[in-house]
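Novice: Mind having a look at this structure? Questions to follow.
The values are calculated or read from the model by the stated rules, or taken from the named source; none is laboratory data. None of these values were measured; they are calculated from a predicted model. Don't worry about glycine lacking a Cβ; one is built from the backbone with ideal geometry, like all the others, and counts go over all protein chains shown. These accessible areas exclude ligands, DNA and RNA; they are computed on the full protein's heavy atoms, side chains included. Shrake-Rupley method; radii C 1.70, N 1.55, O 1.52, S 1.80 Å.
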Amino acid sequence: MNRIILIGNGFDLAHGLKTSFSDFLNFYWDNIFNEISLTRKLTRFENENIVIDQIPMTFIEGENQFETIRISVENARTTLRWKNHLLKAITVKNNTEKWVDIENEYYQLLVESFKEQNNNYKISELNQDFDRIKNYLNKYITQIENNAKIENSSCRAQITSKIYSRFEFKDFTEKAINEKAKLELNKAKENFKNAQPDVFVRNKLSEVERRLIDKLGSEDDYLMIRKLLTSDSAPNYFKLFPDNILFLNFNYTKSHKHYINPNTVYFNNLDNNFNTISIHIHGTVYEKEYNPIIFGFGDEIDQNYKTIENLNDNRYLEHIKSIKYLETDNYKKLLEFINSDQYQIFIFGHSCGNSDRTLLNTLFENQNCVSIKPFYYKKQNGQDNFSELSMNITRNFNNKAVLRDKVVNKKFCEPLCLSANNGYHK
(Lines give C-alpha, C1' and ligand atoms only; values in the text may rest on other atoms or scores of the structure.)
Protein backbone atom coordinates (compact mmCIF):
# COMPACT_ATOMS: atom_id res chain seq x y z
CA MET A 1 0.00 0.00 0.00
CA ASN A 2 1.26 3.47 -0.90
CA ARG A 3 0.89 7.07 0.24
CA ILE A 4 0.58 10.29 -1.76
CA ILE A 5 1.65 13.58 -0.18
CA LEU A 6 -0.43 16.15 -2.05
CA ILE A 7 1.45 19.45 -1.72
CA GLY A 8 -0.14 22.85 -2.29
CA ASN A 9 0.74 26.47 -1.65
CA GLY A 10 0.00 26.25 2.07
CA PHE A 11 2.99 23.91 2.36
CA ASP A 12 5.30 26.64 1.07
CA LEU A 13 3.66 29.21 3.33
CA ALA A 14 4.23 26.93 6.33
CA HIS A 15 7.94 27.14 5.52
CA GLY A 16 7.99 30.92 5.27
CA LEU A 17 8.04 31.12 1.47
CA LYS A 18 5.94 34.02 0.16
CA THR A 19 4.54 32.20 -2.86
CA SER A 20 0.84 32.99 -2.61
CA PHE A 21 -0.89 34.93 -5.38
CA SER A 22 -1.38 37.77 -2.87
CA ASP A 23 2.37 37.84 -2.16
CA PHE A 24 3.04 37.94 -5.90
CA LEU A 25 0.60 40.83 -6.52
CA ASN A 26 1.99 42.83 -3.60
CA PHE A 27 5.49 42.35 -5.02
CA TYR A 28 4.32 43.45 -8.47
CA TRP A 29 2.76 46.67 -7.15
CA ASP A 30 5.80 47.40 -4.98
CA ASN A 31 7.85 47.39 -8.17
CA ILE A 32 5.32 49.55 -10.03
CA PHE A 33 5.38 52.10 -7.21
CA ASN A 34 9.19 52.20 -7.38
CA GLU A 35 9.05 52.73 -11.15
CA ILE A 36 6.55 55.56 -10.74
CA SER A 37 8.75 57.16 -8.09
CA LEU A 38 11.69 57.11 -10.48
CA THR A 39 9.70 58.83 -13.24
CA ARG A 40 8.00 61.53 -11.17
CA LYS A 41 9.77 64.28 -13.09
CA LEU A 42 7.60 63.23 -16.02
CA THR A 43 3.91 63.98 -16.06
CA ARG A 44 2.72 60.58 -17.27
CA PHE A 45 3.43 56.93 -16.45
CA GLU A 46 2.74 54.04 -18.79
CA ASN A 47 3.81 50.41 -19.07
CA GLU A 48 2.25 47.39 -20.78
CA ASN A 49 -0.42 47.05 -18.08
CA ILE A 50 -1.48 50.49 -16.84
CA VAL A 51 -1.50 54.20 -17.70
CA ILE A 52 -1.48 57.06 -15.19
CA ASP A 53 -2.31 60.24 -17.08
CA GLN A 54 -0.82 62.55 -14.46
CA ILE A 55 1.61 61.33 -11.81
CA PRO A 56 0.51 62.74 -8.41
CA MET A 57 2.79 65.33 -6.85
CA THR A 58 2.43 63.64 -3.47
CA PHE A 59 1.49 60.12 -2.43
CA ILE A 60 -0.91 59.22 0.36
CA GLU A 61 0.16 56.03 2.07
CA GLY A 62 -2.29 53.10 1.88
CA GLU A 63 -2.20 49.65 3.45
CA ASN A 64 -0.28 48.41 0.40
CA GLN A 65 1.42 50.03 -2.59
CA PHE A 66 -1.53 49.51 -4.93
CA GLU A 67 -3.75 51.32 -2.42
CA THR A 68 -1.14 54.08 -2.17
CA ILE A 69 -1.23 54.52 -5.95
CA ARG A 70 -5.04 54.30 -6.17
CA ILE A 71 -5.73 56.75 -3.35
CA SER A 72 -3.08 59.20 -4.55
CA VAL A 73 -4.39 59.15 -8.12
CA GLU A 74 -7.94 59.79 -6.92
CA ASN A 75 -6.77 62.59 -4.63
CA ALA A 76 -4.89 64.24 -7.51
CA ARG A 77 -8.05 63.99 -9.64
CA THR A 78 -6.25 62.15 -12.38
CA THR A 79 -6.86 58.71 -13.87
CA LEU A 80 -5.41 55.19 -13.62
CA ARG A 81 -6.34 53.36 -16.82
CA TRP A 82 -5.99 49.60 -17.25
CA LYS A 83 -4.48 48.02 -20.35
CA ASN A 84 -4.40 44.58 -18.72
CA HIS A 85 -7.97 43.91 -17.60
CA LEU A 86 -7.13 40.57 -15.98
CA LEU A 87 -4.58 42.37 -13.81
CA LYS A 88 -7.32 44.80 -12.82
CA ALA A 89 -9.70 41.97 -11.88
CA ILE A 90 -7.19 40.09 -9.74
CA THR A 91 -5.77 43.23 -8.13
CA VAL A 92 -9.18 44.60 -7.13
CA LYS A 93 -10.30 41.22 -5.75
CA ASN A 94 -7.07 40.74 -3.83
CA ASN A 95 -7.35 44.26 -2.46
CA THR A 96 -10.91 43.84 -1.21
CA GLU A 97 -10.87 40.17 -0.12
CA LYS A 98 -7.16 39.86 0.83
CA TRP A 99 -6.76 36.79 -1.39
CA VAL A 100 -7.30 35.81 -5.00
CA ASP A 101 -7.15 32.71 -7.19
CA ILE A 102 -5.69 34.05 -10.44
CA GLU A 103 -6.44 30.85 -12.35
CA ASN A 104 -10.09 30.92 -11.32
CA GLU A 105 -10.43 34.62 -12.21
CA TYR A 106 -8.96 33.90 -15.64
CA TYR A 107 -11.51 31.15 -16.22
CA GLN A 108 -14.42 33.35 -15.18
CA LEU A 109 -13.34 35.99 -17.69
CA LEU A 110 -12.85 33.30 -20.33
CA VAL A 111 -16.44 32.12 -19.82
CA GLU A 112 -17.70 35.69 -20.02
CA SER A 113 -15.82 36.27 -23.27
CA PHE A 114 -17.95 33.72 -25.15
CA LYS A 115 -21.20 34.07 -23.18
CA GLU A 116 -21.57 37.81 -23.58
CA GLN A 117 -21.55 38.78 -27.24
CA ASN A 118 -21.14 42.46 -26.42
CA ASN A 119 -18.13 41.80 -24.21
CA ASN A 120 -15.28 44.00 -25.40
CA TYR A 121 -12.70 41.81 -23.67
CA LYS A 122 -11.89 39.36 -26.45
CA ILE A 123 -10.26 35.98 -25.88
CA SER A 124 -7.07 37.01 -27.71
CA GLU A 125 -6.64 40.00 -25.37
CA LEU A 126 -7.42 37.87 -22.31
CA ASN A 127 -4.79 35.32 -23.29
CA GLN A 128 -2.19 38.02 -23.90
CA ASP A 129 -2.92 39.53 -20.50
CA PHE A 130 -2.73 36.11 -18.86
CA ASP A 131 0.60 35.37 -20.58
CA ARG A 132 2.07 38.58 -19.18
CA ILE A 133 0.96 37.67 -15.66
CA LYS A 134 2.31 34.14 -16.09
CA ASN A 135 5.71 35.55 -17.09
CA TYR A 136 5.76 37.91 -14.10
CA LEU A 137 4.81 35.02 -11.80
CA ASN A 138 7.54 32.82 -13.23
CA LYS A 139 10.17 35.49 -12.54
CA TYR A 140 8.80 36.10 -9.05
CA ILE A 141 8.79 32.41 -8.06
CA THR A 142 12.28 31.99 -9.54
CA GLN A 143 13.50 34.76 -7.28
CA ILE A 144 11.79 33.21 -4.25
CA GLU A 145 13.20 29.77 -5.04
CA ASN A 146 16.74 31.08 -5.57
CA ASN A 147 16.68 32.84 -2.20
CA ALA A 148 14.74 30.19 -0.27
CA LYS A 149 16.12 29.20 3.11
CA ILE A 150 14.20 26.57 5.01
CA GLU A 151 15.66 26.52 8.47
CA ASN A 152 15.62 23.59 10.87
CA SER A 153 12.49 24.03 12.93
CA SER A 154 9.86 22.31 15.01
CA CYS A 155 7.60 22.60 11.95
CA ARG A 156 10.00 20.54 9.87
CA ALA A 157 10.10 17.85 12.54
CA GLN A 158 6.30 17.73 12.76
CA ILE A 159 5.86 17.43 9.00
CA THR A 160 8.52 14.72 8.73
CA SER A 161 6.82 12.61 11.35
CA LYS A 162 3.52 12.88 9.49
CA ILE A 163 4.96 11.96 6.08
CA TYR A 164 6.64 8.81 7.39
CA SER A 165 4.01 7.82 9.92
CA ARG A 166 2.35 4.42 10.12
CA PHE A 167 -1.01 3.82 8.53
CA GLU A 168 -3.97 4.34 10.86
CA PHE A 169 -6.60 1.96 9.50
CA LYS A 170 -9.41 3.76 11.29
CA ASP A 171 -8.80 6.40 8.59
CA PHE A 172 -9.57 3.95 5.76
CA THR A 173 -12.66 2.91 3.83
CA GLU A 174 -14.65 -0.06 5.08
CA LYS A 175 -13.74 -2.04 1.98
CA ALA A 176 -10.02 -1.37 2.46
CA ILE A 177 -10.17 -2.44 6.11
CA ASN A 178 -11.96 -5.67 5.19
CA GLU A 179 -9.48 -6.47 2.43
CA LYS A 180 -6.52 -5.77 4.70
CA ALA A 181 -8.01 -7.95 7.46
CA LYS A 182 -8.40 -10.87 5.03
CA LEU A 183 -4.85 -10.41 3.76
CA GLU A 184 -3.37 -10.32 7.25
CA LEU A 185 -5.46 -13.31 8.32
CA ASN A 186 -4.14 -15.41 5.44
CA LYS A 187 -0.55 -14.38 6.21
CA ALA A 188 -0.99 -15.15 9.91
CA LYS A 189 -2.49 -18.58 9.19
CA GLU A 190 0.35 -19.41 6.82
CA ASN A 191 2.92 -18.36 9.42
CA PHE A 192 1.09 -20.38 12.08
CA LYS A 193 1.01 -23.49 9.86
CA ASN A 194 4.74 -23.26 9.17
CA ALA A 195 5.85 -22.29 12.65
CA GLN A 196 3.75 -24.68 14.73
CA PRO A 197 5.84 -27.82 14.08
CA ASP A 198 9.16 -26.04 13.73
CA VAL A 199 10.59 -23.82 16.46
CA PHE A 200 13.36 -22.70 14.11
CA VAL A 201 10.81 -21.32 11.64
CA ARG A 202 8.97 -19.58 14.46
CA ASN A 203 12.17 -17.89 15.59
CA LYS A 204 12.70 -16.56 12.06
CA LEU A 205 9.39 -14.68 12.26
CA SER A 206 9.45 -11.09 13.43
CA GLU A 207 8.20 -10.26 16.89
CA VAL A 208 5.16 -8.58 15.32
CA GLU A 209 4.34 -11.74 13.33
CA ARG A 210 4.73 -13.98 16.39
CA ARG A 211 2.40 -11.79 18.45
CA LEU A 212 -0.30 -12.06 15.81
CA ILE A 213 -0.17 -15.85 15.35
CA ASP A 214 -0.35 -16.25 19.12
CA LYS A 215 -3.71 -14.47 18.96
CA LEU A 216 -5.20 -16.97 16.52
CA GLY A 217 -7.95 -19.25 17.72
CA SER A 218 -9.00 -17.22 20.73
CA GLU A 219 -12.14 -15.96 18.93
CA ASP A 220 -13.33 -15.41 15.36
CA ASP A 221 -9.95 -14.81 13.75
CA TYR A 222 -11.20 -12.48 11.01
CA LEU A 223 -13.13 -10.22 13.42
CA MET A 224 -10.21 -10.28 15.84
CA ILE A 225 -7.77 -9.11 13.17
CA ARG A 226 -10.17 -6.48 11.85
CA LYS A 227 -10.63 -5.12 15.35
CA LEU A 228 -6.86 -5.05 15.91
CA LEU A 229 -6.27 -3.20 12.64
CA THR A 230 -8.40 -0.23 13.72
CA SER A 231 -7.18 -0.17 17.31
CA ASP A 232 -4.39 1.89 18.86
CA SER A 233 -2.43 -1.36 19.40
CA ALA A 234 -2.30 -2.14 15.66
CA PRO A 235 1.49 -1.45 15.40
CA ASN A 236 2.07 -4.31 17.86
CA TYR A 237 0.64 -6.84 15.37
CA PHE A 238 1.12 -5.45 11.83
CA LYS A 239 3.70 -3.71 9.66
CA LEU A 240 1.85 -0.53 8.81
CA PHE A 241 4.32 1.62 6.87
CA PRO A 242 3.72 2.57 3.22
CA ASP A 243 5.72 0.78 0.54
CA ASN A 244 6.11 3.88 -1.63
CA ILE A 245 5.63 7.57 -0.90
CA LEU A 246 4.84 9.92 -3.78
CA PHE A 247 5.39 13.66 -3.29
CA LEU A 248 2.83 15.12 -5.70
CA ASN A 249 3.85 18.75 -5.78
CA PHE A 250 1.43 21.32 -7.25
CA ASN A 251 3.85 24.17 -6.48
CA TYR A 252 6.60 25.48 -8.73
CA THR A 253 9.12 25.34 -5.88
CA LYS A 254 11.01 22.37 -4.42
CA SER A 255 10.41 22.91 -0.72
CA HIS A 256 9.47 19.23 -0.35
CA LYS A 257 13.03 18.13 -1.22
CA HIS A 258 14.04 18.55 2.44
CA TYR A 259 11.77 15.64 3.34
CA ILE A 260 12.90 13.06 0.77
CA ASN A 261 15.81 11.75 2.85
CA PRO A 262 14.70 12.59 6.37
CA ASN A 263 17.30 13.10 9.03
CA THR A 264 16.82 11.11 12.22
CA VAL A 265 17.23 14.41 14.06
CA TYR A 266 13.63 15.08 13.05
CA PHE A 267 12.26 11.57 13.43
CA ASN A 268 14.09 9.32 15.84
CA ASN A 269 11.89 6.29 15.13
CA LEU A 270 12.53 6.29 11.39
CA ASP A 271 13.69 2.68 11.03
CA ASN A 272 12.02 1.80 7.74
CA ASN A 273 13.47 2.01 4.23
CA PHE A 274 11.09 4.16 2.21
CA ASN A 275 10.98 4.43 -1.55
CA THR A 276 10.18 8.06 -2.35
CA ILE A 277 9.09 9.49 -5.70
CA SER A 278 8.57 13.13 -6.72
CA ILE A 279 6.31 14.53 -9.43
CA HIS A 280 6.07 18.27 -10.06
CA ILE A 281 2.71 18.01 -11.75
CA HIS A 282 2.62 21.74 -12.59
CA GLY A 283 6.27 22.05 -13.53
CA THR A 284 9.08 24.06 -11.95
CA VAL A 285 10.88 27.33 -12.61
CA TYR A 286 14.12 25.47 -13.40
CA GLU A 287 14.60 25.91 -17.14
CA LYS A 288 17.17 23.10 -17.43
CA GLU A 289 14.60 20.50 -16.35
CA TYR A 290 12.24 20.84 -19.32
CA ASN A 291 9.27 20.86 -17.00
CA PRO A 292 7.72 24.26 -17.79
CA ILE A 293 5.19 25.67 -15.36
CA ILE A 294 1.54 24.88 -15.99
CA PHE A 295 -0.56 27.89 -15.10
CA GLY A 296 -4.20 27.95 -16.11
CA PHE A 297 -7.47 26.23 -15.29
CA GLY A 298 -8.26 22.55 -14.84
CA ASP A 299 -11.96 21.95 -14.31
CA GLU A 300 -13.43 19.86 -17.09
CA ILE A 301 -16.32 19.01 -14.74
CA ASP A 302 -17.56 22.62 -14.93
CA GLN A 303 -20.81 23.01 -16.88
CA ASN A 304 -19.27 25.53 -19.28
CA TYR A 305 -16.25 23.44 -20.26
CA LYS A 306 -18.03 21.27 -22.82
CA THR A 307 -19.42 24.41 -24.46
CA ILE A 308 -15.90 25.83 -24.64
CA GLU A 309 -14.63 22.70 -26.38
CA ASN A 310 -17.51 22.83 -28.85
CA LEU A 311 -16.64 26.39 -29.87
CA ASN A 312 -13.99 24.88 -32.16
CA ASP A 313 -11.72 27.81 -31.31
CA ASN A 314 -8.35 26.74 -29.91
CA ARG A 315 -7.74 30.13 -28.34
CA TYR A 316 -10.15 29.13 -25.58
CA LEU A 317 -8.05 26.06 -24.76
CA GLU A 318 -4.61 27.70 -24.62
CA HIS A 319 -4.45 27.69 -20.82
CA ILE A 320 -6.42 24.55 -19.95
CA LYS A 321 -4.28 22.35 -17.69
CA SER A 322 -5.41 19.00 -19.07
CA ILE A 323 -3.97 19.95 -22.45
CA LYS A 324 -0.74 21.25 -20.93
CA TYR A 325 -0.28 17.94 -19.08
CA LEU A 326 0.36 16.31 -22.47
CA GLU A 327 3.61 18.25 -22.88
CA THR A 328 5.47 16.12 -20.32
CA ASP A 329 5.16 12.57 -18.94
CA ASN A 330 4.27 13.73 -15.41
CA TYR A 331 0.58 12.90 -15.70
CA LYS A 332 1.35 9.49 -17.18
CA LYS A 333 3.69 8.73 -14.28
CA LEU A 334 0.96 9.74 -11.84
CA LEU A 335 -1.58 7.44 -13.50
CA GLU A 336 0.87 4.56 -13.36
CA PHE A 337 1.39 5.14 -9.65
CA ILE A 338 -2.28 5.36 -8.66
CA ASN A 339 -3.20 2.32 -10.74
CA SER A 340 -0.36 0.18 -9.33
CA ASP A 341 -1.70 -0.31 -5.78
CA GLN A 342 -4.00 1.06 -3.11
CA TYR A 343 -3.02 4.44 -1.67
CA GLN A 344 -3.81 6.97 1.00
CA ILE A 345 -3.68 10.72 0.30
CA PHE A 346 -2.31 13.26 2.77
CA ILE A 347 -3.30 16.84 1.85
CA PHE A 348 -0.56 19.30 2.80
CA GLY A 349 -1.54 22.90 2.14
CA HIS A 350 -3.63 22.38 -1.00
CA SER A 351 -6.98 24.20 -0.99
CA CYS A 352 -8.53 21.57 -3.32
CA GLY A 353 -10.22 24.38 -5.26
CA ASN A 354 -11.85 24.17 -8.66
CA SER A 355 -8.76 25.17 -10.64
CA ASP A 356 -7.41 21.61 -10.15
CA ARG A 357 -10.74 19.76 -10.03
CA THR A 358 -10.16 17.44 -13.00
CA LEU A 359 -6.92 16.06 -11.58
CA LEU A 360 -8.19 15.87 -8.01
CA ASN A 361 -11.31 14.02 -9.13
CA THR A 362 -9.06 11.47 -10.88
CA LEU A 363 -7.08 10.99 -7.67
CA PHE A 364 -9.99 10.97 -5.22
CA GLU A 365 -12.46 8.74 -7.06
CA ASN A 366 -9.94 6.15 -8.25
CA GLN A 367 -10.87 2.76 -6.79
CA ASN A 368 -7.35 2.40 -5.36
CA CYS A 369 -7.76 5.53 -3.23
CA VAL A 370 -8.73 4.20 0.20
CA SER A 371 -8.28 7.26 2.41
CA ILE A 372 -8.05 11.06 2.09
CA LYS A 373 -6.66 12.82 5.14
CA PRO A 374 -6.60 16.65 5.12
CA PHE A 375 -4.10 18.39 7.38
CA TYR A 376 -5.64 21.75 8.10
CA TYR A 377 -4.35 25.21 9.00
CA LYS A 378 -4.93 26.33 12.58
CA LYS A 379 -4.93 30.08 13.11
CA GLN A 380 -3.45 31.91 16.06
CA ASN A 381 -6.93 32.65 17.45
CA GLY A 382 -7.70 28.92 17.60
CA GLN A 383 -9.93 28.83 14.52
CA ASP A 384 -9.05 26.59 11.58
CA ASN A 385 -9.92 26.04 7.92
CA PHE A 386 -11.03 22.39 8.18
CA SER A 387 -14.64 23.12 7.19
CA GLU A 388 -13.61 25.24 4.21
CA LEU A 389 -11.14 22.58 3.10
CA SER A 390 -13.80 19.87 3.46
CA MET A 391 -16.27 21.84 1.33
CA ASN A 392 -13.65 22.24 -1.39
CA ILE A 393 -12.86 18.51 -1.27
CA THR A 394 -16.57 17.77 -1.67
CA ARG A 395 -16.66 19.59 -5.03
CA ASN A 396 -14.07 17.17 -6.40
CA PHE A 397 -16.39 14.19 -5.99
CA ASN A 398 -19.26 13.12 -8.22
CA ASN A 399 -20.13 10.24 -5.87
CA LYS A 400 -20.90 11.74 -2.45
CA ALA A 401 -21.27 8.33 -0.78
CA VAL A 402 -17.69 7.54 -1.76
CA LEU A 403 -16.65 10.94 -0.43
CA ARG A 404 -18.08 10.21 3.02
CA ASP A 405 -16.31 6.85 3.16
CA LYS A 406 -12.88 8.08 2.02
CA VAL A 407 -12.42 11.46 3.71
CA VAL A 408 -11.16 11.22 7.29
CA ASN A 409 -13.32 13.07 9.80
CA LYS A 410 -11.91 15.92 11.84
CA LYS A 411 -11.64 13.83 15.02
CA PHE A 412 -8.73 11.92 13.47
CA CYS A 413 -7.18 14.87 11.60
CA GLU A 414 -4.72 17.49 12.84
CA PRO A 415 -2.99 20.70 11.77
CA LEU A 416 -0.14 20.41 9.28
CA CYS A 417 2.18 22.24 11.60
CA LEU A 418 1.91 24.04 14.92
CA SER A 419 4.41 26.62 16.08
CA ALA A 420 4.53 28.13 19.53
CA ASN A 421 1.62 30.44 18.65
CA ASN A 422 -0.60 27.59 17.37
CA GLY A 423 -0.38 28.54 13.70
CA TYR A 424 1.64 27.60 10.66
CA HIS A 425 5.31 28.04 11.37
CA LYS A 426 6.47 30.99 9.25
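Novice: Per DSSP H run of at least 4 residues, take -39500 (n - 2.57); add these up for the chain, divide by its residues and hand me the 222 nm value, nearest 500 deg cm²/dmol.
Specialist: The per-residue figure over the chain is -13000 deg cm²/dmol.
Novice: What GluC sites (Glu not before Pro) does the range 7-90 have in DSSP loop regions with at most 16 other beta carbons within 10 Å?
Specialist: Hits after loop and neighbour filter: Glu48, Glu61, Glu63.
Novice: If you count only protein heavy atoms with a 1.4 Å probe, what accessible area per residue comes out for the chain, rounded to a whole Å²? Walk me through the numbers on the way to the answer.
Specialist: On the way: 21560 Å² over 426 residues.
That works out to 51 Å² for each residue.
Novice: Calculate how many DSSP beta bridges within the chain are antiparallel, expressed in % of all such bridges and rounded to the nearest 5. Can you show the working numbers first?
Specialist: Working: 6 of 32 bridges.
In the chain, DSSP labels about 20 percent of beta bridges as antiparallel.
Novice: Next question, about the same structure. Pop the C-beta distance of Asn147 and Gln54 into the FRET formula with R0 = 25 Å and round what comes out to the nearest 0.05.
Specialist: 0.10
Novice: Moving to a separate point now. Normalising by the residue count of the chain, find the relative contact order in percent from Cα pairs under 8 Å and 6+ residues apart.
Specialist: 22 percent
Novice: By its C-alpha gyration tensor, with a ≥ b ≥ c as the square roots of the eigenvalues, how is the range 299-381 shaped: rounded for a/c under 1.5, else prolate for a/b larger than b/c, else oblate?
Specialist: oblate
Novice: Could you look at the chain and say what percent of its accessible area is carbon and sulfur, using a 1.4 Å probe and all protein chains?
Specialist: The C+S portion of the solvent-accessible surface of the chain is 45 percent.
Novice: Something else: For the range 159-170, what does the Karplus curve 6.51 cos²θ - 1.76 cosθ + 1.60, with θ = phi - 60°, yield as ³J(HN,Hα) per residue in whole Hz, taken in order and with x for Gly and Pro?
Specialist: 5, 4, 5, 6, 4, 9, 6, 5, 5, 10, 6, 5
Novice: Taking a ≥ b ≥ c as the square roots of the Cα gyration tensor eigenvalues, with a/c under 1.5 meaning rounded and otherwise prolate when a/b beats b/c, else oblate, which class fits the chain?
Specialist: It is prolate, given that a/c is not under 1.5 and a/b is the larger ratio.
Novice: OK, next. Of the residues Asp23, Asp299, Asp232, which exhibits the maximal mean-square fluctuation in a Gaussian network model of the chain defined by a 10 Å Cα contact cut-off?
Specialist: Highest fluctuation of the listed residues: Asp232.
Novice: Could you tell me which of rounded, prolate or oblate describes the range 181-313, using a ≥ b ≥ c as the square roots of the eigenvalues of the alpha-carbon gyration tensor, with rounded for a/c under 1.5 and, failing that, prolate when a/b is larger than b/c and oblate otherwise?
Specialist: Prolate, since a/c reaches 1.5 and a/b exceeds b/c.
Novice: How long is the gain from Thr79 to Glu388 if the chain were fully straight, where each residue apart is worth 0.36 nm and the alpha carbon distance is subtracted?
Specialist: This chain segment gains 107.4 nm when fully extended.
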